[in-house]
Every structure is written in C-alpha cells, then in structure tokens.
Amino acid sequence: MKMSYRAAAGLLAFVLLASLLAPLLAPYDPNQINMAQRLAPLSSVHWLGTDTLGRDVLSRILYGGRVSIVLALAVTLATMLVGLLLGTISGYAGGWIDEAIQIVVSIFQGLPGLALMLAIAGTLGPGVKSLFVALLFTSWADFSRVVRGEVMKIREESYVEGTRALGAGHVYIIGRHMLPNLLGPLIVLFTIRIGRVILSIASLSFLGLGLQPPAADWGVMVNDARPYFRSYPHLMIAPGLCIAAVSLCINWLGDGLRDKLDTRTEKEHSLL
Amino acid sequence: MKRTQTAKNKKRIGVLFSLCLLLALMGCSAANGSNESSGNNGLSQQSAAPSAAADAASEEIVLAAPRDLAPGPQDAYYTSTILYVWEPLITASEDGKPAPKLAEAWEMSADGKEWTFMLRKGVTFHDGAPFNADAVLANFARYKQVSPKSSPFYTLDINNSYPSLKEAVKVDDSTIKLIFDNPQPTLLYSMINFSSPMYSPNNFDENGDFNGLPQGTGPFKLVQHEKDQFSLLEAYDGYYGEKAKAQKIRVRVIPDPDTRLAALKSGEILGVMDLGAIPPALAEELLKDDRFAVSTAKSTISHYLHPNGAKAPFNDVKMRQALSLMIDREQLVKELYLGYPTATANILNSTSPFYKDIPAVHHSEKAIALAHEVLGDSRQAVTLIVPTYGLDRYPYKAQAELLQAVLQELQLDVTIQILDGAAYKEAQAQGNFDLAMATQGLPNGDPYTILNNYMASEGSSNKSYTLGYTNARVDELLNQVKATLNMDDRAAIYNELQDIAAEELPTIPLFNDASLIAYNKEITGYGALVYGTTLPQLERVQ
Amino acid sequence: MAYFIRRLAAAVPVLIGITFIAFALSVASPGDPAVELLSMNGFSQPTEEQIAVKREEMGLNDPLLAQYGHWLSKALQGDLGTSYMTKESVSGELLRRLPATLSLSLLAVLFAVLLGVPSGMLMAIRRNRLFDHIGRALALILVSIPGFWLAIMLIALWSEKLQLLPTSGYGTWKHLLMPAVVLASGTGAILMRLTRAALLEELNKDYMLTARAKGLRESFIVLRHALRNACIPLLTVIGSYFGAIVGGSVIVEVIFAVPGIGRFAMDGIFRRDYPVIQGYVVFTGLIYVLFNLATDLCYGLAHPQIRLGGKLR
Amino acid sequence: MSDTLMVIKQLDVSFQTREGLVQAVDGATLELKHGRIFGLIGETGSGKSVLGLSLVRLLPAHASVSGSLLYKGKDLLQLSPKEMRQIRGREIALIPQNPASSLNPVMTLGSQLREAIRAYAGRTGSKRLNAQAAGLLHAMNMPDAEQQLRRYPFQLSGGMKQRVLAAMGLAGSPSLLIADEPTKGLDALIRVQVTEMLANMARRTGAALLLITHDLDVARVLCDEVGVMYAGQIIEQGPAKELFAQPMHPYTRGLIASMPSRGMIPIAGTAPSLTDRPAGCKFYDRCGSAMPRCEAEQPDLYKSAHTEITNKETEPIDGTAKGQQAAAKHKARCFLYA
C-alpha cells in the first residue's frame, strides 16, 4: 500500500513539475498555428502529433496542465472555504440561523446549474473570473451540507460540551475543536472534488465560461478532439489520460490521507 | 437459506454488471484503435448492416435532421418547406429567380399595383379539398389574421411580404388578383416559398392555428408527428405532378452531430438533412467509409466578420480593408471547411440572381501597410466575439483561433470571447465588441432587404450589429431602387451597391456556405438543394 | 406526521426562493426575449421600434417584482403560462416530456444501485483484497470519465460496431439503456464508494460481533444485519442524486436524442424564454423537494426510532 | 480431570498495526471447568477482552494467534471456519461488552433472539421460536416477555439490553459462556443483579463461565478462580478468596489497594506500551519491590510459598479435593517467589 501511495505522489509530482516547467520543456509555442502541419500523426518532430490547426499537442498539454491544475485547485479551495464557513455557522449555531442557511442551501441545490452559470457569465463577462464564481455558486451548497453534519456531530461530543461548560468562547471552540476535526474530512473532500472540477471546466468553456481560446486546458482539449476521435484518437486520448491520471493520483492520495487523518467518517466523503 | 441465495444472486449480478461496463470500456478503446489502423472496415460491416436494417425499413426510409422540422400546430407553417408537405404559390428556381408552383402564371399591371395569378388546375389538398381561388383567399385571410407569426424557419408577415396590400380578389375559380396601394415590382421575390404557403381552407382553427396535421398539396403527407422525435411522411397518391418515389419517409430528430454520424454508420438512418446536417470534419470522416456519399449545393447562408464600425480601429475603412486583404479566405475554406463553401468578397449571397462575382483578394503586404498607416507603431487590443450556436454547426472555434493568429500581423491583439446567442446579440447591439463572427441567411432572391438592412444608415442590421456604416450615396441608391420597376435598372443599382460594399466593407464577407448532406449509398436520388433536398426523388437502390 | 408537515412547510420558501432567483437570473442574463422571438428564424433583423413594441406587448418593461408577482399569482392557480417562442402551454409541454425524463432517470438510478450497492458490498467484505482495489480504481475512473465521452464510446461500440442497440431516440427499453448507463456511471461510482464505506462502518459495529457470536453465516450477517443499517445513509444519497440526475440529463438527452424536459429547458434558457425557464425550475424544484420528502419517509421506515416517534440521538 | 472443559496453553495474540506489532496476549495458560467461574481481571488495555474473543476466534482479520485452545479435546485453532461457526453459540457463547451498541438498532428483539435460537435449533415453526424466545427473556426476569419481542433496542434501558444479550448467549445452551465486561456502563445496582444472574445461570446449567471484568468486587464475590492480567500476560492466578486475601504479585497488591473499599490508593506510573514492551518483568518500572534481575529477565509463574497453609484454610469451606487442586495453582509471575 505504501508503495502505491508513493508511486501516486511521484506521478503527481512529475505532472506538476512538468506543467510548471512548461515554458522550458515545451518543444513549441502552444498556440503556434501551422496550417501546413494539420492533424499530423505522432512523430519524432511532434511526439504527440498536432491538432486541427497544426499546433503541437505535447506543448499544449504541458501548458494546459498548468491551467487545469491551478484553476482546479483554486476553485476547489474557494468552494471549500465558503462551504466551511457557512456549514460551520449553520451546524454550530443551530436554531433559526441554521434553518435560514439550510433554506438557502436547498435553493442553491434546487436551481438548475445552467441558468445560474449563464447569468453569471453574462453579468461578469466571459472568462476565468466568471468560471470561478459560477463553480463556486453551484457547488458550495453540497460542501456546506457535509460540513454542517460533521460540525453537528462534533458539537455533541462530550469534550466540546465540557469546554463550553468551562466558559470557552465560540470562536475558541470552533478554532480549537471544530476546525482540527474537520481537517481530515475536508482534505479528503478536496482531493475527490478536484478531478471533477477539471472536467466541469471543460464543459463550461462552451457556454462562454472559463477559458477563452486559444488557451486550452486538458478538458477543453478533450472536448475539441470530439469530431476527430475516430481518425485521430490520440487527440482525445492524450489529454484524457492526463486528467484520469491526475485525478486518480489525487484520489488515491486522498484515500491514504483519510486513513491517516480520519477514520470515522468515510461515508460523507464519498458523497462528493 | 433463501435469503443468502438471493444475496448471492445479487452479488453475481453486480459482478456481471461491472464486468459488462469494463468490457464496454475496453471494447471502445479497441474500436477506437481498429478504426485508426484500418480506415475502411466498411466491408466487414456491409454484410451485417442490411440484415439489421432490412426488415424494419423495407418500405420506410429513415433520415435524420438536427432539429424538429415540424414545430407543430402553433407554428406559422407546421412543417418546414423541405419536407414537401405544403407548397407555395411561387417558388425559386435553382438560380434564385421566382418560379411557378401553385400559381402557374402571373401578370403585373403597368403601374405595378395589380398582380393577377393564374392558379394550377386539378390540384387537391391532402384532405381532399380542391385547390382554387377560394382556398387561396382563405389562406390570405389567415395571413392577415396571424401576422406577424414567428417560426424557426421564417416569419409569416403579410405586411412584409405584401406591403400595402389592399385586397385579394377572386377573378374566377382559378384566378385571383392582388391589389396594392403602391407599386410592387419585386412582389414575386417576396412571395417565394415561406411567404405564400397554401393549406386546405379546412385546416385552420378560429385563431388561425392548425386544427390538426397540416393539409397541403405537396408530394408528401405528414401522417404522424411526435414532437422532437420524428415526422412520418407518406407519398400523396393524389399529387398532381411527379409522385414521390418513396412510399414512406421517417425524418428523425437527432440533435447531436456525432450521434447522427453513428446512426448513419450503424445503418439506422440512411441520410441526413437540414442546416448543419453534417459538419465538414465529420463529412471527411464519413467519406473514409465507402458506403457513404455526400452531396452539396450552394447555400443561402453567408459567413461574415462584422466589424464594430462605431469605434476605433474599425471605424476607419482602411482598417477594414486591411482585414479583408489579410484573411486568406481560400485557405480558411479549404482547411477548416474542406473546400465545400466558396470564398467571396461580396456582401450578397451567391444564390441571389443579382449576385455579382467579386473575387476575394489576399494580399498580406498591402494589408500590413494599411494597418500600419492607421495604427502607427502601436498595437491595438481588440475583442472577437463568437456565438455558441456557431460552435455546434461550424468549426468556429478553430476559425476564431486562426483569425486571432492571422490578425497579429496587423498589430491587433485579439481576445476571443465565446458568448451564448442571446448575450452575443446584446454585445453586438451595445457595441461591446470589435469583431464578430456571424452568419446571415438570404430570405429571398431580391437583395433589397439585405442590402438595406446592412448598408442604409438606419438599416436594422447596421444598427443592431453596431456596424456604424453610413454613406449618403448608398442611402440615395436604396431609395431609388424602391421606385425602380424595371428589373434591369434595379440590377444596375444592386451592382453598384455590391461594389460599394466590397470597397467600403460595412462588413467583411468571408465565404458563401455550402449546403452539405450525406447519405448511405443504399438510397439514390437524394441530393442537396440550395434550401433542402430532393426528397421526392429519394428511393432505395433496387 | 408533524415532522412531515413541517418538512412540507419548509419546502414552500425553498420553491419560492428557487423560482424567484431563477427569474431574477433570467432577467439579469444578457439578452432580450423580444429580440430572440423576433429573430428566431435566423435571418430577420428586427428594428428598434419592433423590439420596443414587442417588449411592451410581452410585459418585459414592467418592474422585475411586478413581473415575478404576476407569474407567481398565475402559477399558484396552476397556470405556468405559454412559451414566448412556441406559444404552447408550458405545463402541457413539460408534462408531455416528463415521462421520457422520469423513465430515463429512474432507470439510471436503478442501474446506479445495481452497480453501486452489490459491488460496494463485495468491496467492503473483501476489504484490501484484489476485488476491493479493482473496485476502487473502477469507481475513480468512472467518476473521472466525461459523460459525453462515455456516451460516444458506448454508441461506437453497441450501435456502430455490434449494431445491437439504437444510437438514439425514444420509445423502447433499448433506447433507454445507453443513456441510463451514462447517467448512472457517475452516481453508480459514488454509490460504490458510499456502500463500501457505510458497510465497513457497520461491519465494525458491536452488534456485528453479537451476531457472529451466535454462529451465523457471515454472508447472512452482512445482508441481514449490516446492510440494513448501511441502507439508511444510502437512501438519503440515492434520493438526493435522483434530483441531480433529473437536472443533469441535458447533455445525455441531446446526445441520445431523448425528448425530455432537459432539452426543452436548454432551448428555453438559450432563447431567454422566461416562462419555459420558470416552468422547468418549478418542475425540477418540485421533484427535488418531493424526492427529499420521499427519502425522509423511507428513512423513517428504515429507522424504527423515527418511525416510532422517538428522537434521534 | 473430567470436569475440565477447556485448556488454553501458551496463547499468543498479536496485531500488526501502523505503529508496529502489538502483543496483546502473551503466553496465557489457563483451564476452564464445568460449573466454575473463572474471573479475568485487569485494567483496560491489559488484553483480557482480546483473550476472551480469541477463544471464539472472533478477533479482527489482522490478528495472528498461536498456542492451543483445547476445547473438549479439539484444538479450536485447527478448525475450519465452518466448524468453528458451529461451535459458536451452541458450544461457546459470547456476551459482548457495551450492551448499548451490541444489539442491532433496526431489528426487533424478537428477530434477534429467534436468530440465535434458530442457529442451533434449525428450522422450527415461528410460534415455537417465539415461545422459546419469550421463555429465554422470562428466565432473565424480563417483565412482559411476549411484548418485549416486538420492541426495538432503543426502547430498552441498559440493564434490559444486557439481559437480552445474556438471553441470546444462553439460547444455544452453551457449555462455555464468555461474558466480556457484562457490567460495563451499568449502574451499581443493576451491575450486581446482572452478574449474579449470570453466575446463577452458569451454576444451574453446569456451564463454565469466563467472566472478564475490571470490577474487582464482582470478581471476589462471584468467581471461583481469578487471573490477573497485566500488559498481555496473566501475572497472577489462583482461587479467588486466596488471591484477594493474600495477593502475591506486587501489581495485584496495588490493584487491590486501589479498590474503593481499600482506600483507593492508585498505582504510580502507567502501563508500558504494547508495541514496545520491556524485555524483563512488564511491571518493573512501577514496582516497589523491583530487583536488578527484574529489568532484564522475564519471570516465570512461581507457586505460592504458603500453599500448605491456604490449603488447610480452604478445605473446610469447600469440603472437596477441588479446593486443594485450585490452591496448588496459586502462582504469580514474579521473582519474589522464585
């Protein structure tokens, strides 16, 4: 087991490093169009061939990784922070505050995501910013539900009640007892979410959310390769494998971290 | 114990199911690989395909379209004209000129205010009602009642197609007369197809909507319709002309282009139709399998690059000229559209009989010089907006990326913004863009509407797309053409307008689209037309 | 009972909130329904006057709250209005399309349960053995696969190659198989993990030791004791994912040409057809609320403590 | 020796954990006899529950067990899982600790009891099953036994649950009953009731009872023989009265001194970690009478010096040879008696 975690970490580190060093490693400018070299097969010149505009696929994958990973990290982190904040307040405060927040959560869970995202893209203009906000708006509710459940469970534990009896402040209790206990589940949630986010970024770029061409992340590359997958499967397979590999590694590490940090509540994590 | 037994079964099912999924996944990657290695595994499939398809479809031919070609009884037309269910008084010939359909002949009075139409005799509607002057008048009464009525195909608007119509009169059983307040020299053009549809007078309810399936005079009857699923056509035995060759044709709705391709390859459908029937990249893919063929014709759709002429840099005509010179239209058409469309520098679609051939000039050095003249040494950031609906039918994303790369040489740093249709229109209307990738369909052969919309200072497209184009001479010409009855004189004015447009570029024309369809070679007689297909000639290969 | 009445009452502000926000979002989105209506044929360009007249006619110039109030008062009388574009009754159209979406979603949930629960159980029983590792990897892969990709691959295999299933359409159970599998894949993977986790948690509980000490067969113990307890959290998830499946079926409906409410809603959203958007939101909102209630009910049935009126924990 | 039911020899149990190898039971040797109660006492974590579970082979999968468990002449460790399953419930029954969580919360008491009966009785009519189940509860002094069958665990008090669990354990008329801390979490009054009931049941049916407890009073009053566990080892073992009257091992002495009735004097220091156990006497660090050899050398079990005396003392009470035999067995793992 330990070996497999190490392998996963190694692979992930390799991908991250390769993406970070993209400017040094990429053999070509990722956006350099070469109409004479359209849809070239794998060769020693273009290791992973070229796409429909003759751009080098390997270079685009290297650069795409930066966008995919950084964006996915940022979006997931932000979603978690919001979910954590509202979930903690909701679970800790209870009473009418909890009920009010829960109604808002239900509303956001019940709203069709597409309408929400289009409205956001429209008001903020297309681009990474609106993508960020849109993903935040559509996914914080699930997170906060999980956090709330977790907090309510911890709140009932005897040691928390004991601290409260000793006259500790709310901030102290939350900071000292809740957050450290939430860390385990949160790390796990985080790792599970990232793979999904990479995929949603891809599907959203078609609504004018997120990355605008020619910038491409892996998900966008998979989408763009759709009409060509029968004759040029490598265009879809290469970025697809990258997504699968990264999300597999992250999830595997998440499983490992969970075993380390948190043994009680595996079931909530698999919810997300 | 019973319980444990069922439990075991349950487990077995679970294992089986996960195995199936795994197999599917592996099988797919295998399918992928084999396709790559052998381009035409068509031979092996050919033997299998007929056995699967033959029994069910021995008389029914199944086609597919990306959208429902029969929006239903609330629609102005119920079905698109390309299903050949209803027919108009006037249709268009292949060169875009008005041609007889249910009206066999016509006559314009000298002042252009009275038009007499001689109707085809011996025609009956699908419901058995005779087609005659009374039926035509009933249809005109409906036009009046429901105008303007929207439809995904056209807007039925009597005030637009028959401006200043005073009345429609029956002369005798097979002759009617339309009387106008003002001269209508181009009436025939505006009556083409969607402006003069004829249905049985018993086909309407009190609101002018259809009271059941449409009862037209066409070679096909619509016998069954499931919204967003299929339309079932049956040959009309009582058709006055050459009867449809296929007894039954089912037109299915398959919105996704990949699925349509798969359905073609599996033999489930034998052909595709309608706009965007098969995107060029998929047509190339399909043709690798020699069971299939494509057919093309000119299309009424033109592709443009709309500049925002209300602000710098494209308020400067030199900059627009630089754009036009810089873009290698031939390359664009050849590489991204597989050569089916035709590059053009003319604002007017080539299906118009008034179309003047203006060759596209590609001259990078000149373009760069012009841009430098306008921008000096500075670079300019510009925004190119792309509508999402363009991405489904056309390789618009690649086209945008290509333009972005090309325009770099004109000292333009292009930012691409993909916007959904409605947002795109709003950005255009508010001028929140510099360049917009756009398409425009030609409603009928007479170019007045399109030229007026784009080039008149107060033209609706000019305004709503923020083209910012004004030219006093153009306004004068457009006024003049309205009063010109002689077709040759009109043609001369249209020619001048086309020349002005090519010179001053209110918008930058890129190419005339091609109408592209694909079919299985098991059927024959199926070809693309400017608008629609040769559906009545379609039949199974014997 | 009082519990359910309270839950039902809590659903009212949620539904009103959902519809109001959906309405406000529609109005806030760039684009104008009047323009969309007048230019729906793709080539006419309406003039500013025409647009102004149409807007007035459609009541789009009224204040937002007035428009919403108008809609709400009609909706409360059961009238969801007519589509701007097709002029057809929104509720009629939604009801006509509902069977397609519901049958698809129900089949998808069934598949997800059939995939997720038994394999999750086996994974828990064979924890850290080969089956467990394969299962976990499979679940991860299923979660990471884009739905459209799975759809294309399934069509390529089952329709193009083997010609056993129709590529698309609606009508027979065969038509529903592939879209349901695509919809089920993600949820099934999640259920796999969840069942495994829930069952593992139960397997470690003290009552399992009691049962084992009785000398009962292990498989019997797992099914009769552990699974029954593990079902309780599973029910909640299956319920809430049903809502997600109904809402998330748009892409699948397009690829497989299923005439469901997702496609209708997407057209409505793209054309700014407010009555259609609102109608869709009411429908999905209702489904969401009803299914949450239904799972609460099941939860109560599975949990004697709630059924018999006791308090939880 | 005909009354010997089970002989446990050199039982070792260890767990592989992330922190290393945990030696939970180390060389435990003891004998269980028909109709007699053996008490296993010790602090939490001393390995007594693990020892109990290992007798029915219900330890988690990652435990490794060695030694021999001779039950009626068969070594349980050599049995197939299926054979072992047939032993459980009808030969050896376990009454688990934590009555609060040891009943399935979503099943009625009746169905849980019926299950236990069916496991040894095979198929019988549901009426007879119900009657038997009710009878079992009745024997445990449960009021309204019939009604109780339809109730769920959350509707019962802790003491009632414990009785249900005991009823389940006795359902198969086992020859050996292992009661793992049956009084844990119960209040004092019920504690006495429950344990007395168990002891009576054992005496009545002639079954052996292994009573695992940290409650020294219970052990002193009820048990015939007592073993004291510390850090996985049985460090002292002998007849209950003698062991409490004259504890040999310094740890036992400390343990007795820490009883509430003896002044509650706690033993200084903490028990060694099970992963990193000292090489010599496990109690060395905390022992007041430690000698140098205690640190490095592991003491064996040594017989008590006053065996003869105690023998005489116990004879009149017991009136049989059993007392003599048992007394001969009072021994401790300490060099003081070497």
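What follows is calculated from the coordinates using simple rules that are stated; it is not laboratory data. No experiment lies behind these values; they were computed from the predicted model shown. A quick note on method: Cβ atoms are made from the backbone with ideal geometry, for glycine too, and the neighbour counts reach across all protein chains shown.
How shielded is A:122-134 by partner chains, expressed as the average number of their Cβ atoms within 10 Å of its Cβ atoms?
Values: counts 11, 4, 0, 7, 10, 2, 0, 0, 0, 0, 0, 0, 0.
Mean inter-chain Cβ contacts per residue within 10 Å come to 3.
To one decimal place, what orientation-averaged projected area in nm² is obtained for the convex hull of the Cα set of the stretch B:86-203? Don't skip to the answer; put the middle values down first.
On the way: hull surface 28.9 nm².
Convex hull of Cα atoms, orientation-averaged projection: 7.2 nm².
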What residues qualify as long-range amide H neighbours of B:Val382, i.e. H under 5 Å apart, gap of 5 or more or another chain, H built at 1.01 Å from N?
-> B:Asp413, B:Val414, B:Thr415
In Å, what Rg and Dmax follow from the Cα atoms of the protein assembly as shown?
-> 41.3, 148
Long-range amide H partners of B:Gln215, meaning residues 5 or more apart or on another chain whose placed amide H is closer than 5 Å, are B:Ser200
Along the stretch B:196-204, what does the Karplus equation 6.51 cos²θ - 1.76 cosθ + 1.60 (θ = phi - 60°) give for ³J(HN,Hα), rounded to whole Hz, x for Gly and Pro?
-> 9, x, 10, 10, 4, x, 8, 8, 10
Mean separation of Cα contacts under 8 Å (6+ apart) over length of chain B, as relative contact order % = 18 percent
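Where does chain B land at 222 nm, in deg cm²/dmol rounded to the nearest 500, when only DSSP H runs of n ≥ 4 count, each adding -39500 (n - 2.57), divided by all residues? Please report the intermediate quantities before stating the final value.
On the way: 17 runs with 191 residues, N = 542.
The helix contribution divided over chain B gives -10500 deg cm²/dmol.
Could you work out Rg/(2.2 N^0.38 Å) for the stretch D:4-223, with Rg from alpha carbons only?
On the way: Rg = 17.2 Å, N = 220, 2.2 N^0.38 = 17.1 Å.
Computed over Cα atoms of the stretch D:4-223, the ratio equals 1.01.
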Angle in degrees between helix C:130-144 and the longest Cα principal axis of chain C, rounded to the nearest 10 | 10 degrees
For peptide B:285-297, the mean count of other chain Cβ atoms within 10 Å per residue Cβ is 1
Mean separation of Cα contacts under 8 Å, 6 or more apart, over the residue count of the stretch C:90-312: relative contact order % = 28 percent
Within the under-15-Å Cβ sphere about A:Arg60, not counting A:Arg60, Lys/Arg +1 and Asp/Glu -1 give a net charge of -2
Note the per residue figure in Å³ for the convex hull of the C-alpha positions in the stretch B:373-487.
-> 140 Å³
When Lys and Arg each count +1 and Asp and Glu each count -1, what net charge do the other residues less than 14 Å away from C:Leu165, Cβ to Cβ, add up to?
-> +1
Sort by residue number and name the cysteines in chain D that have no neighbouring cysteine Cβ under 4.7 Å.
-> D:Cys223, D:Cys287, D:Cys334
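To the nearest µm²/s, what D does Stokes-Einstein give for the stretch B:304-514 at 4 °C and 1.567 mPa s, using the Kirkwood radius over alpha carbon pairs as Rh? Mind showing how you got there, number by number?
Values: Rh = 17.4 Å.
Stokes-Einstein gives a translational diffusion coefficient of 75 µm²/s.
Beyond 40 Å, what share of the Cα-Cα pairs of chain B remains, rounded to the nearest whole percent? Could the numbers behind the result be given before it?
Values: 49751 of 146611 pairs.
Looking at chain B, the distances longer than 40 Å represent 34 percent of pairs.
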Per-residue HN-Hα couplings for the stretch B:382-399, Karplus 6.51 cos²θ - 1.76 cosθ + 1.60 at θ = phi - 60°, whole Hz, x for Gly and Pro?
-> 10, 10, 10, 9, 10, x, 4, 5, x, 5, 6, 9, 10, x, 5, 5, 4, 4
With label points built 7 Å along Cα→Cβ from the Cα atoms of A:Ser231 and A:Leu25, find their separation and express it in nm.
-> 3.1 nm
Using modelled backbone amide H atoms (1.01 Å from N, in-plane), which distant-in-sequence or interchain residues come within less than 5 Å of B:Val123's amide H?
-> B:Phe131
For the stretch B:403-410, just list the computed ³J(HN,Hα) in residue order, Karplus coefficients 6.51, -1.76 and 1.60, θ = phi - 60°, integers in Hz, with x standing in for Gly and Pro.
-> 4, 4, 5, 5, 6, 4, 6, 8
Highest mean packing first, using Cβ neighbours within 10 angstrom, the peptides B:524-536, B:76-88 sort as B:76-88, B:524-536
Does a label point 7 Å from the Cα of B:Leu485, set along Cα-to-beta-carbon, have any residues of the stretch B:183-220 with amide nitrogen under 16 Å, and which are they?
-> B:183-188
Value of [θ]222 nm, deg cm²/dmol, for chain D, DSSP H segments ≥ 4, -39500 (n - 2.57) each, nearest 500 = -10500 deg cm²/dmol
Whole-percent pair-distance distribution, where bins are 5 Å wide, for the alpha carbons of the stretch B:494-542 | 5, 17, 17, 12, 9, 9, 9, 9, 9, 4, 1, 0
Tell me, what is the percent relative contact order of the stretch B:383-542, built from C-alpha pairs under 8 Å that lie six or more residues apart?
-> 15 percent
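Can you give the Rg to Rh ratio for the stretch B:87-152, taking only C-alpha atoms and Rh from Kirkwood?
Details: Rg = 13.7 Å, Rh = 13.7 Å.
Ratio value, two decimals: 1.00.
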Obtain the nm distance between the two label points defined at D:Ser80 and B:Glu365 by a simple spin-label model: each point lies 7 Å from its Cα along the Cα-to-C-beta direction.
-> 9.4 nm
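With helices defined as uninterrupted DSSP H runs, which ones in chain D have an alpha carbon span along their own long axis of at least 30 Å and mean Kyte-Doolittle hydropathy of at least 1.6? Mind dumping the intermediate values first?
Numbers: long enough: none.
Taking the DSSP H segments of chain D (at least 30 Å long, mean hydropathy at least 1.6), we get none.
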Average partner chain C-beta neighbours within 10 Å, per residue of D:6-14?
-> 0
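Which pairs in the list B:Lys265/B:Lys288; B:Lys221/B:Lys298; B:Lys318/B:Lys482; C:Lys205/D:Lys282; D:Lys241/D:Lys303 are over 21 Å apart, alpha-carbon to alpha-carbon? Each step should come with its number before you reach the end.
Details: B:Lys265/B:Lys288 11 Å; B:Lys221/B:Lys298 27 Å; B:Lys318/B:Lys482 31 Å; C:Lys205/D:Lys282 32 Å; D:Lys241/D:Lys303 16 Å.
Over 21 Å Cα-Cα: B:Lys221/B:Lys298; B:Lys318/B:Lys482; C:Lys205/D:Lys282.
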Answer check: the stretch A:20-66, Cα atoms, Kirkwood Rh, Rg/Rh ratio of 0.95
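For the pair B:Ala381 and A:Lys153, what calculated FRET efficiency results from E = 1/(1 + (r/R0)^6), where r is the Cβ-Cβ distance and R0 = 51 Å, to the nearest 0.05?
Computed FRET efficiency for A:Lys153 and B:Ala381 comes out at 0.45.
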In whole angstrom, and with the biggest value first, how far do the Cα coordinates of the stretch C:65-104 range along each principal axis?
-> 37, 21, 15
Take the stretch C:90-312, drop everything but the C-alpha atoms, weight them equally and run the Debye formula without solvent; then report log10 I(q)/I(0) at 0.16, 0.17 Å⁻¹ to two decimals.
-> -1.11, -1.19
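How much mean residue ellipticity at 222 nm does chain C get from its helices, if each DSSP H run of length 4 or more adds -39500 (n - 2.57) and you divide by all residues, to the nearest 500 deg cm²/dmol?
Working: 15 runs with 229 residues, N = 313.
Helices in chain C give a 222 nm mean residue ellipticity of -24000 deg cm²/dmol.
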Once you put a point 7 Å from the Cα of B:Gln331 and another 7 Å from the Cα of A:Leu179, both along the Cβ direction, what distance in nm separates them?
-> 5.7 nm
